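So the structure is just underneath, and the comments pick up after that.
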Amino acid sequence: MIELATHVPSLKQLQEYDLSAYDALYLGDFTCPLYPGNFTSSLPELREGVRRVKGMGKKCYLSLYAIPKDSDLDSIRELLSGSQELPLDAIEVHNLGLLRVVQELRPDVPIHLGVFGNLYTDETARVLKGWGVQRVFPNAELSLEEVLYIRDHAAIQVIVPVHGKIPLVISASCFVTEYAKIVPTHCEETCAKGHWLTHDDWQMKNIGRANLSGKDLCLLEYLDLLVRQELDAFYIHTLGEDAAYVKAVGCIYREALQRAAAGEQFCRPEWMEHLRSLAGPGLCNGYYFGMSGQDYVGRELALQCSRC
Amino acid sequence: MSKLMAPGGTLPMAYAVLEEGADVVYVGVLGWSRRGSDVELKDEEIKDLVSFAGMKGKEVRVVLNTMPGSIEVPLLLKKVDMYSGWGVTGFMITDPGCMVQVRKHFPEIAIHVSVGTGITNAAEVQFYKDMGATYVILPYRMWLDDVRAIKRTIDVGLEIFLFKTDKQDGIICPGKCTMSSYFSFQRWVDGEGKDYFYGSANRGGDCLRICQVGWSAEPDEYQLSKKIILKGNPRLWFLDLPDYIKAGVEYFKVPGRDRSDVLVRDIVRFYRKVVDDILASNGGANLETYVPELQEIMKRWASERNRRDDRLVARAKD
């Protein structure tokens, strides 16, 4: 059973976005606790969010702040304690201190390790399993071969991002506040649009407290390879994207994954064109095939990967 | 008892810092530390250094703080076995799985949790203590209050860099950054089977400092109007050293494996004097008299850093 997941930061997006393509939703923006309406900053909104997601028949995960200081932990503890009655399918953590806190307060809920959890080895995946982690998001720098090695040798589920910008770095402060010395009056709008950071031909996208790749990771061409390896949890990064992007990319991958699983033609030229048009600076393959994150390898070279 | 730890980016640097009064020297292993190969030592150099340090009653710490690939973990354990056989008593490590394995196979070895873990809270320090850590190296953004809070609640040794950032926010580096490798990343495998990832500090190459080039932001609705540097540089510090010593910090670490041998030697000489003065005066030393000397050192530090950054950025653009 294939799962396609993404993050939804707040109730506003949950209500307004077409999320029908996704099987599972991570509630909360893990990059910024101050994001307006962030599910992690309001128990009533989280409660309503969980109710709605479950009402849609989807899996519902809570995504916690990736880099909490000690001063952030009290409010997170409060949220976790208050979430006892919520039917969460998992809680995502990126911070190993928070992993201890979640295991203490919600030992009944499976834990997912997020992208900033810095998972590089099967040894660490095995250690984390002992702490209740059932799914890991391997570090973006790993190749597909290394991701599969971790899954096979640690016997743990891996979630594989197939599309969207790659989170490259997280910051404990807001980009606008840090450089313009002001708090944006409309955080949500500022972060939704983001800022394009440019140096010569290098580009990144800033969404407030995180810098993302300029190009969109795109694995549409390679979905058969992923399905053949019996990967079953896929992710599209949509934080900082608008409703049209979330819907369009989700729908393309929903259909493509179903076709790939059925052994049918799964990569339509018009889909690639549409994804290119949404991506801004272009598409890349991340580190999956052993190249730098911003390169697009192409299917022929990718097939030289020993596990493809 | 607080100890002064200093870098050995080259063998002459390692000898020099021990001669100048460092209690411990830390050295990177070719391909296994977060710095480039030009400031890492070969195995035979480490063996010679351990012998030299032992004769002077001093110690060597070996930096194995890359995130290895899964298949490299046995090689890391083999390295630990070899170096500990030569007399190395402690290692800097980042990967939690590797820490657990090192603790399991080498129960007497000191494990220093690398700054590459990007720790942000005391609960995380406790996690690494649970993994078998002997010492935790705190990031530049964690200051005296954090040290005191950790020391109050967790029975673990602490290691502090003798440089820190001006503020406690900003990009989480090292630890949560892959900007460098996104733009420039090359791989090759050496004769031992170690995979090099040039462009990724996490994986044993080098960070190519792309945060230090001037970035422009669009839209510029806040009129930033100038090129932005994405990360501030930490600065050498010493005025509140007495408070940190009193708080129980075990290791004070001089940075600079990739600086010149002469500059690092002078920095160690400076800090040795300061620490000895603090200890001899029971915390009552007048440290202001040392300010001009540190200012001169900081100028040289900044000059060498800028040259290094230019060199690394040029490589990223090759």
ask   = Among A:107-120, A:228-241, how do they line up from the highest to the lowest mean number of other beta-carbon atoms within 10 Å?
value = A:107-120, A:228-241
note = Taking segment B:141-187, the whole-percent share of alpha-carbon pairs separated by over 17 angstrom is 54
note = Projecting the Cα atoms of A:132, A:280, A:80 onto the charge dipole of chain A, where Lys and Arg contribute +1 and Asp and Glu -1 at Cβ, the residue farthest towards the positive end is A:80
task = Work out the mean other chain Cβ neighbour count within 10 Å for the residues of A:165-174 and drop it here as an integer.
result = 6
inquiry  = Could you give each residue of segment B:245-254 its phi-based ³J(HN,Hα) in whole Hz, using Karplus coefficients 6.51, -1.76, 1.60 with θ = phi - 60°, and x for Gly or Pro?
reply    = 5, 5, 6, x, 5, 7, 10, 10, 10, 7
note = Put in order of increasing Cβ neighbours within 10 Å, starting from the fewest, B:303, B:184 give B:303, B:184
Lys, Arg +1 and Asp, Glu -1 on Cβ, resulting dipole of segment B:3-317 about Cα centre, debye, nearest 20 = 340
inquiry  = Counting other beta carbons within 10 Å of each residue's own, what order do A:216, B:310 fall into, fewest first?
reply    = B:310, A:216
task = Taking amide H positions as placed in the peptide plane 1.01 Å from N, state which residues far from residue A:205 in sequence (5 or more) or on other chains have amide H under 5 Å from it.
result = A:197, A:212, A:213, A:214
remark   = Rounded to the nearest whole number, the per residue volume of the convex hull around the C-alpha atoms of segment B:106-239 in Å³ is 161
task = Give the Rg (one decimal place) followed by the Dmax (whole number) of segment A:220-308, computed from C-alpha coordinates and expressed in Å.
result = 13.2, 38
note = So, relative contact order of chain B in percent, Cα under 8 Å, 6 or more apart, is 21
note = Final fewest-first order of B:142, A:272 on the 10 Å Cβ neighbour count is A:272, B:142
remark   = Expected vector for segment B:123-139, Karplus 3J(HN,Hα) from phi with 6.51, -1.76, 1.60 and θ = phi - 60°, integer Hz, x for Gly and Pro, equals 4, 6, 4, 4, 4, 5, 4, 4, 7, x, 5, 9, 10, 10, 8, 7, x
query = residue B:145 versus residue A:272, label points 7 Å from Cα toward the beta carbon: distance in nm?
reply = 5.5
request  = Pull up the DSSP beta bridges for segment B:3-317 and report the antiparallel fraction as a percent, rounded to 5.
outcome  = 20
message = Projecting each Cα onto the charge dipole of the protein assembly as shown (Lys/Arg +1, Asp/Glu -1 at the beta carbon, about the Cα centre), which of B:63, A:153, B:173 comes out farthest on the positive side?
response = B:63
inquiry  = Quick check of the Kirkwood formula: for segment B:3-317, what is the inverse mean of 1/r over all pairs of different Cα atoms, in Å?
reply    = 20.2
key: Total formal charge among the other residues, if their Cβ is under 13 angstrom from that of residue B:151, Lys/Arg +1 and Asp/Glu -1   = -2
key: Residue-averaged 222 nm ellipticity for the protein assembly as shown, from DSSP H runs of 4+ at -39500 (n - 2.57), nearest 500   = -11500 deg cm²/dmol
note = Rh_Kirkwood(segment B:184-318) over Cα pairs, Å, one decimal, evaluates to 18.2
query = On average over all directions, what projected area in square nanometres does chain A have, based on the convex hull of its Cα atoms?
reply = 15.3
key: Calculated Rg and Dmax of the protein assembly as shown using C-alpha coordinates, Å   = 24.2, 79
ask   = Suppose every K and R has +1 on its Cβ and every D and E has -1 on its Cβ; what is the size of the dipole of the protein assembly as shown about the Cα centre, in Debye to the nearest 20?
value = 560
remark   = In debye to the nearest 20, the charge dipole size for segment B:1-122, taken about the Cα centre with +1 at each Lys and Arg Cβ and -1 at each Asp and Glu Cβ, equals 300
task = Return P(r) of segment B:1-154 (all Cα-Cα pairs; 5 Å bins starting at 0; whole %; ordered from short to long distances).
result = 2, 9, 19, 21, 21, 15, 10, 3, 0
Normalised contact order of segment A:28-128, rounded percent, pairs of Cα under 8 Å and 6 or more residues apart = 24
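Please compute, for peptide A:139-149, the average count of beta-carbon atoms on other protein chains lying within 10 Å of each residue's beta-carbon.
Mean number of neighbouring Cβ atoms from other chains: 3.
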key: Semi-axis lengths, Å, segment B:33-108, gyration tensor of Cα atoms, sqrt of 5 times eigenvalues   = 21, 15, 10
task = With all distinct Cα pairs included, what does the Kirkwood hydrodynamic radius of segment A:42-96 come out to in Å, to one decimal, could you say?
result = 11.9
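FYI, it's all coordinate maths here, none of it is from the lab. Just so we're clear, the structure is a prediction, and the values are computed from it rather than from any experiment. Positions of Cβ are backbone-derived with ideal geometry, glycine not excepted, and every protein chain shown enters the neighbour counts.
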